[in-house]
Amino acid sequence: MAKVGSTPTPGSNGNTQSILDHAFHLKKEGYRKSTIISRLKALKGLSMKADLLNPEAVKVAISMLPVTEGRKENLVNAYLVFCRQHKIPFTPPRYRRVERVPWIPLESEVD
């Protein structure tokens, strides 16, 4: 007979409490609600790919994500603040935003 109970989400490694503690830390530091929410989502996504207490694993996880350089930069910034709060030594990798040239339609395409 199977045991009844909840099964942990695949990829979840018990970082939920430290992420919630980080949210409270951000609130105390005066970050806006929108910033807190976006950083928590970033950390939650990273926690599914790597252990947040292992900076090298997080670096590898970020580098393997199929997202833009700008998104990777945001993830690194969110994780950097998390590491500072938890006193985890972390040297952030370099990601730079790539400026995209805006598409301007020709006059014949507008008509």
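Taking region 46-57 as the search range and keeping residues that are surrounded by 15 or more Cβ atoms within 10 Å (Cβ to Cβ) and touching a residue at least 24 places away in the same chain (Cβ under 8 Å), which one is farthest from Leu80 (Cα to Cα)? So the residue we want is Lys49. Among the residues examined, Lys44 does not qualify as over 18 Å from Asp21 (Cβ atoms) and assigned to a helix (DSSP H, G or I). Considering region 70-91, and only residues there that are assigned to a loop (DSSP other than H, G, I, E, B) and under 19 Å from Ile19 (Cβ atoms), the residue that is nearest to the chain's Cα centre (by Cα) turns out to be Phe90. Scanning region 45-69 for residues that are among the small types (Gly, Ala, Ser) and within 10 Å of the chain's Cα centre (by Cα) yields Gly45, Ser47. Filtering region 58-78 to residues that are surrounded by 15 or more Cβ atoms within 10 Å (Cβ to Cβ) and in contact with a Lys or Arg (Cβ under 9 Å, 6 or more places away or on another chain) leaves Val58, Ala61, Ile62, Glu73, Asn74, Val76, Ala78. Filtered by the rule that a residue be charged (D, E, K, R), within 20 Å of Thr35 (Cβ to Cβ) and free of Cβ contacts under 8 Å to residues at least 12 places away in the same chain, region 60-111 gives Arg71, Arg84.
Here's the yes/no breakdown for (1) of a type in the set (Ser, Thr, Tyr); (2) more than 25 Å from Pro93 (Cβ to Cβ); (3) modelled with pLDDT of 95 or more; (4) not in a loop (DSSP other than H, G, I, E, B):
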{"residue": "Ser6", "(1), (2), (3), (4)": "yes, yes, no, no"}
{"residue": "Thr9", "(1), (2), (3), (4)": "yes, yes, no, no"}
{"residue": "Ser18", "(1), (2), (3), (4)": "yes, no, no, yes"}
{"residue": "Ala57", "(1), (2), (3), (4)": "no, no, yes, yes"}
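Those residues that are charged (D, E, K, R) and either in contact with a helix residue (DSSP H, G or I) (Cβ under 8 Å, 6 or more places away or on another chain) or under 10 Å from Ala78 (Cβ atoms) (or both), I need them from region 27-64; list them, please.
Within region 27-64, Lys27, Arg39, Lys41, Lys44, Lys49, Asp51 qualify.
The values are calculated or read from the model by the stated rules, or taken from the named source; none is laboratory data. This structure is a prediction, so every number in the text was calculated from the model and none was measured. Note: ideal-geometry Cβ built from the backbone for every residue, glycine included; neighbour counts use all protein chains shown.
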